[in-house]
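Chemist: Have a look at the structure that comes next, please.
The values are calculated or read from the model by the stated rules, or taken from the named source; none is laboratory data. These figures come from a predicted structure and were not determined experimentally. Don't worry about glycine lacking a Cβ; one is built from the backbone with ideal geometry, like all the others, and counts go over all protein chains shown. Ligands, DNA and RNA are stripped out before the accessible areas are found, and what is left, the full protein with its side chains, is counted by its heavy atoms. Shrake-Rupley method; radii C 1.70, N 1.55, O 1.52, S 1.80 Å.
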Amino acid sequence: MIILNNFSIIKPRGKTRKIKKNIKLITKIYMGRWHEIMKIPAPFQLGECCQATYTLSDGIVLVRNDELLANGTVSFIEGTAKIVDASEPAKLEVSFFEDAPPGPYWVLATDYDNYTLIYSCSDFAGLFHAEYSWIMSRTRTLPKETVSELLGILKSHGISTDGFTETDQRPELCSSMP
């Protein structure tokens, strides 16, 4: 049973997926700004013009996520990401709150210059798990063919893409973004 709660995909008593990817994430090249093109909606991300900026500092990735809220204000959150296992450098953990456990941040595909595909799946006390995913681009647009290829990668891992929504990245809307 899959429940789409207007946000993330939640599967009761599910298990996190075991995805094997051998992407040799080259952290320095991955740094910079990425614009959200599509996502599985998340309760912690409600705006448009969403973007993430990554900066490398002493082996830790500094993360800043910005979004434009419906009232016209720009909201942001800052955190850190780190590679947990050097043998799987595309699987990171991201933390935004000091007392909260980190969340998985898995880079399933990237060409570093145009697109990246992110996946996250978390168990909650063995009762249910939540899945999140983002398609991001260095620019505010991405060719439909590329989006289709990235959705195909998710499907090849058994991840439903039915709940994906497009993020509004129109220049006239996003002009106030940093």
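Chemist: First measure r as the distance between the Cβ atoms of Y54 and S160, then evaluate 1/(1 + (r/R0)^6) with R0 = 30 Å and state the FRET efficiency to the nearest 0.05.
Modeler: Details: r = 27 Å, r/R0 = 0.91.
After rounding, the FRET efficiency stands at 0.65.
Chemist: On to the next question. For a Förster distance of 35 Å, can you work out the FRET efficiency between the beta-carbons of M31 and L127, rounded to the nearest 0.05? All intermediate terms of the calculation are to be shown ahead of the outcome.
Modeler: Numbers: r = 37 Å, r/R0 = 1.05.
The formula returns an efficiency of 0.45 here.
Chemist: Counting only the heavy atoms of the protein chains, how much of S175 is accessible to a 1.4 Å probe, in Å² to the nearest 10?
Modeler: Solvent-accessible area, nearest 10 Å²: 90 Å².
Chemist: Further question on the same structure: Expressed in nm to one decimal, what extension gain is obtained for the pair L46 and T80 from 0.36 nm per residue of sequence separation less their Cα-Cα distance?
Modeler: Numbers: separation 34, 0.36 × 34 = 12.24 nm, distance 2.07 nm.
Once the chain is fully extended between L46 and T80, it gains 10.2 nm.
Chemist: In addition: For region 53-158, which whole percent of the accessible surface, found with a 1.4 angstrom probe, sits on carbon and sulfur atoms? Present the calculation step by step, with values, prior to reporting the outcome.
Modeler: Values: 3120 of 5590 Å².
Carbon and sulfur: 56 percent of the exposed surface of region 53-158.
Chemist: Give, as a single signed number, the net charge of other residues whose beta carbon lies under 15 Å from the beta carbon of S95, with Lys and Arg counted +1 and Asp and Glu -1. Let's see the in-between values first.
Modeler: On the way: positive: R64, K82, K91; negative: E78, E93, E98, D99.
Every neighbour counted, the sum reads -1.
Chemist: Each label point is 7 Å from the Cα along the Cα-to-Cβ direction; what then is the distance between the points at Y112 and D168, in nm?
Modeler: Roughly 3.5 nm, to one decimal.
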